[in-house]
1. Using only the Cα atoms of the chain, what semi-axes does the equivalent ellipsoid have when each is the square root of 5 times a gyration tensor eigenvalue? Give whole Å, largest first.
2. When only DSSP loop residues count, what GluC sites (Glu not before Pro) in the range 134-207 have their Cβ near at most 15 other Cβ atoms within 10 Å?
3. Subtracting the Cα-Cα distance from 0.36 nm times the residue separation, let me have the gained length for residue 46 to residue 203 in nm, one decimal.
4. Select from the range 145-223 those trypsin sites (Lys or Arg not before Pro) which occupy a DSSP coil region and have at most 12 other Cβ atoms within 10 Å, ordered by residue number.
5. Which of 155/190; 106/155; 118/211; 190/220; 118/190 have a Cα-Cα distance over 25 Å?
6. Evaluate the distance, in nm, between pseudo-label points positioned 7 Å from the Cα of residue 150 and of residue 72 along their respective Cα→Cβ axes.
7. If R0 is 30 Å, what FRET efficiency do you get for residue 90 and residue 126 from their C-beta distance, rounded to 0.05?
8. Give me a comma-separated list of calculated 3J(HN,Hα) values for the range 41-56, in order, Karplus coefficients 6.51, -1.76, 1.60 applied at θ = phi - 60°, integers in Hz, x for any Gly or Pro.
Amino acid sequence: MQEKTILIVEDEPDIQELIRYHLEKEGFATVKASDGRQALDIIEHNNPDLVLLDLMLPVISGLDVLKTIRFAWGLSALPVIIVSARTDEIDVITGLELGADNYLPKPFSPKVLVANVKALLRRSATRQSGEDMENRHISVGELEIDEDRHEIFWKDNPILLTAYEFSLLSLLASSPGRVFTRNQIISSIKGEDYPVTERSIDVQIASLRRKMGEGGSAIKTVWGIGYSYQEST
Ligand code: CA
């Protein structure tokens with residue numbers, strides 16, 4: 001496989017260096033930007049394959065970088081992961097809703113960072129080739145979802161879910177490790193026959209976890225942001 005280039009947008013040199021080290025160890029090429037303007041220059045001229053984006057940046061903020069690449073430039077397919085401290089919660093939600101692909105809270109584990117980068121690059125390759133258009137079967141670790149037959153198995157045991165719970169779990173498990181905000185969940189599963197509100201999502205998640213038993217621990221609460229599906233390894 002051709003070497004992928006990751007743009008690291010981060011104004012703290014220690015963190016920038018830490019990320020660079022772990023990505024290069026995994027065989028990625030890296031480019032670095034220490035403020036938002038540099039980041040935009042590099043995206044415009046160097047075509048990175050994925051962007052790791054801090055939000056609190058000098059000159060141009062991370063959110064403005066994101067707005068520029070998604071809306072002014074129309075780069076909807078460029079994978080972007082927000083890497084940000086928990087204190088920037090509102091900005092993180094805004095960022096995810098402006099089209100960032102995922103969010104990693106600081107401090108992060110290098111292993112989780114690398115896993116996220118790889119998963120997102122895989123996903124965007126699939127998206128580009130259109131392979132997942134007709135794939136109605138989701139398989140993540142011990143979880144199997146057959147969307148056509150409306151069946152879910154965990155460790156080969158069937159799990160009986162309501163239609164709402166089924167939609168919710170299918171959405172989260174369709175992109176393992178991706179953080180979905182409550183608003184994104186609402187807009188993805190509304191239009192089905194049940195009322196979807198922020199509060200109802202929290203209630204349905206609780207019920208889903210209960211019904212999945214041991215498997216329920218893969219449904220992660222991302223504090224202040226939303227939910228994701230990630231089996232522990
Ligand atoms: Ca910063």
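1. Over the Cα atoms of the chain, the ellipsoid semi-axes are 32, 19, 17 Å.
2. 134, 142, 147, 192
3. Details: separation 157, 0.36 × 157 = 56.52 nm, distance 4.52 nm.
So the extension gain works out to 52.0 nm.
4. Numbers: sites: 149, 155, 178, 182, 190, 199, 209, 210, 211, 220; in loops: 149, 155, 178, 190.
Passing sites in the range 145-223 are 149, 155, 190.
5. Values: 155/190 29 Å; 106/155 33 Å; 118/211 31 Å; 190/220 21 Å; 118/190 30 Å.
As for pairs spanning more than 25 Å Cα to Cα, those are 155/190; 106/155; 118/211; 118/190.
6. Reported label-point gap for residue 150 and residue 72 is 4.8 nm.
7. The pair residue 90/residue 126 has a calculated efficiency of 0.45.
8. Karplus-based 3J(HN,Hα) across the range 41-56 equals 4, 5, 4, 5, 9, 10, 6, x, 8, 7, 10, 9, 10, 6, 9, 7 Hz.
Values quoted throughout were computed directly from the atomic coordinates according to the rules given, and no laboratory measurement underlies them. Every value quoted in this text rests on a predicted model; they were computed, and no experiment measured them. So basically every Cβ, Gly included, is an ideal-geometry build from the backbone, and we count neighbours across all protein chains shown.
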